[in-house]
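Remarks on the structure that follows.
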Amino acid sequence: MLNENILLLRKAKGLSQEELAVTLNVVRQTVSKWERGLSVPDSEMLIRLSEVLETPVSTLLGETPAEGPAPADELKAISEKLEVINLQLARDRAAGRKRLHWLFIAVCALTLIAAAVLFLLNSPYLNWNYGDPETAVAGTFFHAFEWLFVRTAPFVLIGSVAGIVLTRKKH
């Protein structure tokens, strides 16, 4: 919601991400992250953003003027909405971290399975008849795969194990 409002209001004012970033004294990538919902501005930056975009903070956070809080409660409402947005971002990051963790586990498992298959097959391409065009092409591709796999598998395995360790859930 906040990210969409920043994007819409910036475009309505005719500002590019770069122009808005310069006005707020941040880098363009920060504005891009806000608009993509990857991060949220802190409360001070939110107030500066509302001033630059000439809109109330409550509107940036998604309230319509009819449902807006009383002026005395506005700061409390802003902080509550920012807390909700931060919790949503934290939940999204945790889900992404979990997906990445399982991806590393899958890569590790596939690497070990491929190594086991190659070990059990005992390099069958060495016995193929390379004089026959069909087996020569297949043997060449298999040999290239095995050659590449044997040289990259240790790095892939080490990297995926490191990824599993780094993305595990911390208690």
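The values are calculated or read from the model by the stated rules, or taken from the named source; none is laboratory data. Just so we're clear, the structure is a prediction, and the values are computed from it rather than from any experiment. Backbone-built Cβ (ideal geometry, glycine too); neighbour counts: all protein chains shown.
Laid out as a table, the results:
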{"item": "Tally, over the range 16-27, of residues that are exposed (fewer than 14 other Cβ atoms within 10 Å of the Cβ) and part of a helix (DSSP H, G or I)", "result": "1"}
{"item": "Any hit, the range 25-39, residues being over 22 Å from Leu87 (Cβ atoms), at pLDDT 90 or above and either among the aromatic types (Phe, Trp, Tyr) or more than 24 Å from the chain's Cα centre (by Cα) (or both)", "result": "yes"}
{"item": "Failed item, numbered, when Ser50 is tested on (1) assigned to a helix (DSSP H, G or I); (2) modelled with pLDDT under 90; (3) surrounded by fewer than 16 Cβ atoms within 10 Å (Cβ to Cβ)", "result": "(3)"}
{"item": "Residues (of a type in the set (D, E, K, R) and surrounded by 15 or more Cβ atoms within 10 Å (Cβ to Cβ)) located in the range 143-152", "result": "Glu146"}
{"item": "Extreme residue, modelled with the highest pLDDT, among residues of the range 62-90 that are of a type in the set (Asp, Glu) and exposed (fewer than 11 other Cβ atoms within 10 Å of the Cβ)", "result": "Glu83"}
{"item": "Residue tally, condition assigned to a helix (DSSP H, G or I), under 21 Å from Ala77 (Cα atoms) and not polar (S, T, N, Q), over the range 28-47", "result": "5"}
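Residue-wise test of (1) surrounded by fewer than 14 Cβ atoms within 10 Å (Cβ to Cβ); (2) in a helix (DSSP H, G or I); (3) of a type in the set (Val, Ile, Thr).
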| position | (1), (2), (3) |
| --- | --- |
| Asp92 | yes, yes, no |
| Lys98 | yes, yes, no |
| Ala116 | yes, yes, no |
| Leu120 | yes, yes, no |
| Thr135 | no, yes, yes |
| Phe141 | yes, yes, no |
| Pro154 | yes, yes, no |
| Gly159 | no, yes, no |
| Val165 | yes, yes, yes |
